[in-house]
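Take a look at the structure set out below.
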Amino acid sequence: MADRTKRSFLGNRAALTRARFIAGFLAAPVLLYLVYVISPYAQAFSIAMTDWRGVSAHPGFVGLANFERLLGDGVFWTAVRHNGLLLVLMPIGTLVIALFFAFLLNAGGATAASGVFGARFYRVVFFFPQGLAVAIVAVLFQQVFRPDGSGMLNAPLIALGLEPVGFLSDPGVALWSILGVLVWQAVGFYVVLFSAGMASIPRELYEAAEIDGAGRGRLFFRVTLPLLWDTVQVGWIYLGIAALDVFAIVWVMTAEHGGPDHATTVMAAEIYRNAFQYFKFGYASAMGVVLFFFTVAFAAVALRLSRRERVEF
């Protein structure tokens, strides 16, 4: 009886020591998360219910008035539509192109189990845009899209006697130009990411499928994509959040920071404009709260719709 009581006491003491050890390690990260993540969110929600203009120490409480005003703000809903378009097209375009090039690099050789010659070099080339700051990318493509003879795209058109294209000045073309830049910037990272995932797939699976007469298309859809689905799912969610949060490319590249005539404006640009140009911090915070819920809702829906049985090998 005494031995049993002693073992129980020692077991409880070990459990308590383990709990203290775990709590000690978790305390600092949880505290940092509360201070630098949860606290700013709570402050944004609080400011969204005020008329604060950034200078008063005691902003007036207006309740849901800022959110009611948003319902009738045409510019904001134009920005929402633009973010929605980017949310659909940017992940699709980026993932399709990245999967295509990654598959070529890993299974585009003489046999499906081998990649193309110089695959490592191509991965470095594809990844190069990730080494550039977003502002540098925006300035670079400002020059590429110039409407005169010094623009890389318009110079050949002018030389052929054709009319130059207003890539950033034509309201019907500007947003598509922004989309192209966003895809160009993002695709290299996902080429490398998917290449790493494909490299972990056993070569025997490709060899067996090739012996059974499977072509490259069937190899991709029957072998590669199912085994890579978890990575694709993560990429889809990350790109969707990036499409909702896009700001620097639009702000630096376009006329009027979202122009012409709000043709390329996005939610983040309107938040910045209202906060730091119009000094309507309460109204800008309300926009930020809406963007927050859009982002969370997208992540939840994307996880739900892309859920499928995991393939093991």
Next item on the list: Take the residues in the range 183-200 that are open to solvent by 40 Å² or more (accessible area, probe 1.4 Å) and within 19 Å of the chain's Cα centre (by Cα), then tell me which one is nearest to Asn83 (Cα to Cα).
Entry: Trp184
Next item on the list: Report, by residue number, each residue of the range 47-64 that is open to solvent by 70 Å² or more (accessible area, probe 1.4 Å) and among the small types (Gly, Ala, Ser).
Entry: Ala57
Next item on the list: Answer yes if at least one residue in the range 272-295 is at pLDDT 90 or above, at positive phi, out of contact with any Leu (no Cβ under 7 Å at 6 or more places or on another chain) and assigned by the TED database to the domain that holds Leu87, and no otherwise.
Entry: yes
Next item on the list: For the range 54-84, name all the residues that are assigned by the TED database to the domain that holds Val246, assigned to a loop (DSSP other than H, G, I, E, B) and closer than 14 Å to Asn274 by Cβ.
Entry: Asp73
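Only one residue in Ala263, Ala300, Ala268, Ala243 is open to solvent by 40 Å² or more (accessible area, probe 1.4 Å) and either of a type outside the set (Ser, Thr, Tyr) or outside the structural domain of Leu71 (by the TED database) (or both), so which one is that?
Ala300
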Check: Could you list, in sequence order, the residues of the range 159-182 that are open to solvent by less than 70 Å² (accessible area, probe 1.4 Å) and in a helix (DSSP H, G or I)?
Finding: Ala174, Leu175, Ser177, Ile178, Leu179, Gly180, Val181, Leu182
Next item on the list: Six or more apart or on different chains, Cβ under 7 Å: which pairs go from a residue in the range 72-96 that's open to solvent by less than 60 Å² (accessible area, probe 1.4 Å) to one that's polar (S, T, N, Q) and not in a helix (DSSP H, G or I)? Could you list them?
Entry: Val75/Thr265; Thr78/Thr265; Ala79/Thr265; His82/Thr264; His82/Thr265
Checklist line | Lone unmet requirement of (1) in a helix (DSSP H, G or I); (2) out of contact with any helix residue (DSSP H, G or I) (no Cβ under 7 Å at 6 or more places or on another chain) for Ser195 | finding: (2)
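The values are calculated or read from the model by the stated rules, or taken from the named source; none is laboratory data. Quick caveat, the model's predicted, so the values are computed rather than measured. Cβ sites come from the backbone with ideal geometry, for glycine too, and all protein chains shown count toward neighbours. Surface accessibility is based on the protein's heavy atoms, side chains included, excluding ligands, DNA and RNA. Shrake-Rupley method; radii C 1.70, N 1.55, O 1.52, S 1.80 Å.
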